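Before any comments, here is the structure.
Read the figures in this text as sums done on the coordinates, not as results from a lab. On a predicted model such as this, the values are computed, not experimentally measured, just so you know. Here the Cβ is made from the backbone with ideal geometry for all residues, glycine too, and neighbour counts use every protein chain on show.
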Amino acid sequence: MAESPVRSEGAAREGDRSGTASVPMVEVWPNLVFIELVAMVLVTAGLVAFSLVVEAPLEGMADPGYTPAVAKAPWYFVGLQELLVYFDPWIAGVMVPGIIIVGLMAIPYLDRNPAGTGRYAFRQRPLAWIAFLSGMALWFGLIAIGEFARGPHWAWYWPGESWDVQKPAQPPSWDLPLGWGIAAVGSYLAAGLALPAVLFPAFRRQLGTVRYLLAMSLLLGLFSIPLKILLRLVFGIHYVVATDWFNI
Amino acid sequence: MSGIGERIRNGQLWKSIFRVGIPSDRRSRLQVILHNFFLHLHPTRVARSGLKMTYTFCLGGISAFLFILLTITGVFLMFYYVPEVGRAYSDMKDIGFVVPFGRVMRALHRWAAHGMVITVILHMLRVALTGSYKPPREFNWVIGVSLLVLTLLLSFTGYLLPWDQLAFWAITVGTNMAAAVPVAGHDGPFHEVAGVAVDNDVRYALLGGIEVGPNALIRFYVLHCVALPLIAVVLMGVHFWRVRKDGGISRPL
Ligand code: HEM
């Protein structure tokens, strides 16, 4: 093969300005291969030790006739299950995960800031860091609530609290009047889309209108979830907009 | 001692398998990577900055390694497990109490699966925080997101197989979400328009029935042991290949 060992892995496309010539390079053998070997040995040893001590769970045989006190999805989906408290099933279980997947895939096409690539540089890309870390915190926050603070009928039970205490599945709550609800959602979206453009015009110009609107919509969607949860848990607002077709 | 090693490494057998001897100088160190199928997944040289533990934390590599561990332990479990409602659960009991090393192999498979979900998520976090999805690596990030979804689906389909209460109800809850798909699920908005009911919606297609039963078990088994791993292997191959073709691990410009 005509592959020259030194230059073959160089910049594949124009966008990559990190040509191989200027950076200090080292051979993969033995430098990287050795690190990989050590990592494999450590991971294997740790997992074997853990597996010898902690058994994989196995409960009684599946019985469609006997519903357990609370059925929880595997932990990585418990966050979505917790969302069912606050949103219609088709929003919590279909739309939100769908938007998360498409939104994640869209990140490289929306975040065009070239600064701070190739290292952990919060200062150069604060928005990207805050957006990504907020999403992760939300995901794992919801998982923690669903795993540790939900009991029978998905009611709130503090960790350690007895599940024998009867609780109403949902504390009393009320819907905003339709007009108020639409006004609230409308002003949230309008303010969220307009304010950053007014306050940081350079930012909007750098992104371009389409990218800006898409990125801001995704961010507004992300932040609307904790907002809705707060409205419910703190103010007892069940739905901000309640209609016959959908509720948010 | 070294004389014997030398003779083995220069012998016909060794050379027929490994194609080059143990690398001693710079040139042969590059060659050993190029001339070995498995090592060829790597570039021959990497930027020194990419080797720093505190950059990648080895998370992508560990994810890939956990996938290999899961394949090995999974094949072992397949020898003893039959995906049939009347048998699956007792097979799990046998694996735990009768099969030699069965208990530890099952625990390894279980914990490695949880571990892989965690390392893949952390790997995504590392890539995001270092901005490693910037051009020319955008599409490898997209492939990565697909790999994350596949990892979750692999774990989810495996969750049903023990056929215990935990498995049954977790999958019941999880697959009920499919009923909420607009139009195509029997609980989703506008399902009446399309004439969608409990026995012809997407949940029905997923489970092969109106509830989690024998058909769901065989479907999840085949997805878990054949279909999803095959897709994952192909995507991982493309993922690694793209890391190389995009110029190796990202580094400061
Ligand atoms: C089965 C799951 C996955 C495996 C086995 C895997 C494996 C790897 C490996 C071995 C690397 C080399 C560098 C490193 O170790 O960090 C890498 C790089 C990369 N991965 Fe993944 N990955 C997976 C999932 C993901 C996900 C979920 C994403 C993002 C959503 C992603 C995006 C990337 C990108 C953009 C790179 C290039 C990073 C750079 O150049 O610095 N991968 N992956």
Fill in the blank from the handout: Restricting to lysines and to Cα separations under 30 Å from B:K93, and discarding same-chain partners fewer than 8 apart, the set is A:K72
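Tell me, what is the percent relative contact order of chain A, built from C-alpha pairs under 8 Å that lie six or more residues apart? Don't skip to the end; give the middle numbers.
On the way: 154 pairs, mean separation 50.1, N = 248.
RCO, chain A: 20 percent.
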Fill in the blank from the handout: With T = 20 °C, eta = 1.002 mPa s and Kirkwood Rh from C-alpha pairs, the Stokes-Einstein D of the stretch A:78-235 in µm²/s is about 119 µm²/s
Practice task
Please give the average number of partner chain Cβ atoms lying within 10 Å of the Cβ of each residue in B:183-194, rounded to a whole number.
Solution key: 2
Exercise for the section: Could you tell me which helices of chain B pass both thresholds, a Cα extent of 30 Å or more along their own axis and a mean Kyte-Doolittle hydropathy of at least 1.6, with helices taken as whole DSSP H runs? Expected result: B:59-80
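In whole percent, what relative contact order does chain B give with Cα contacts below 8 Å and a gap of six or more residues?
18 percent
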Problem - Under 16 Å from the Cα of B:K134 - aspartates and glutamates, other chains or at least 8 residues apart - result: A:E14, A:D16, A:D111, B:D246
Exercise for the section: Return the whole-Å distance between the Cα centroid of the stretch B:153-168 and the Cα centroid of the stretch A:117-168. Expected result: 24 Å
Problem - Compactness index (Cα Rg / 2.2 N^0.38 Å), the stretch B:172-253 - result: 1.63
Problem - Built amide H within the under 5 Å cut-off of A:N247, gap 5+ - result: A:D88
Practice task
Give the order of A:H238, B:H35, B:H186 when sorted by the count of other beta carbons within 10 angstrom, beginning with the fewest.
Solution key: B:H35, A:H238, B:H186
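Hey, got a sec? Which chymotrypsin sites (Phe, Trp or Tyr not before Pro) in the stretch B:21-60 land in a DSSP loop and have at most 15 other Cβ atoms within 10 Å?
Details: sites: B:F37, B:F38, B:Y55, B:F57; in loops: B:F37, B:F38, B:F57.
Taking the stretch B:21-60 and a limit of 15 other Cβ atoms within 10 Å, the loop chymotrypsin sites (Phe, Trp or Tyr not before Pro) found are B:F37, B:F38.
Could you estimate the translational diffusion coefficient of the protein assembly as shown from the Stokes-Einstein equation, with Rh from the Kirkwood formula over C-alpha pairs, at 20 °C and 1.002 mPa s, in whole µm²/s? Walk me through the numbers before you get to the answer.
Numbers: Rh = 25.8 Å.
Approximately 83 µm²/s, per Stokes-Einstein.
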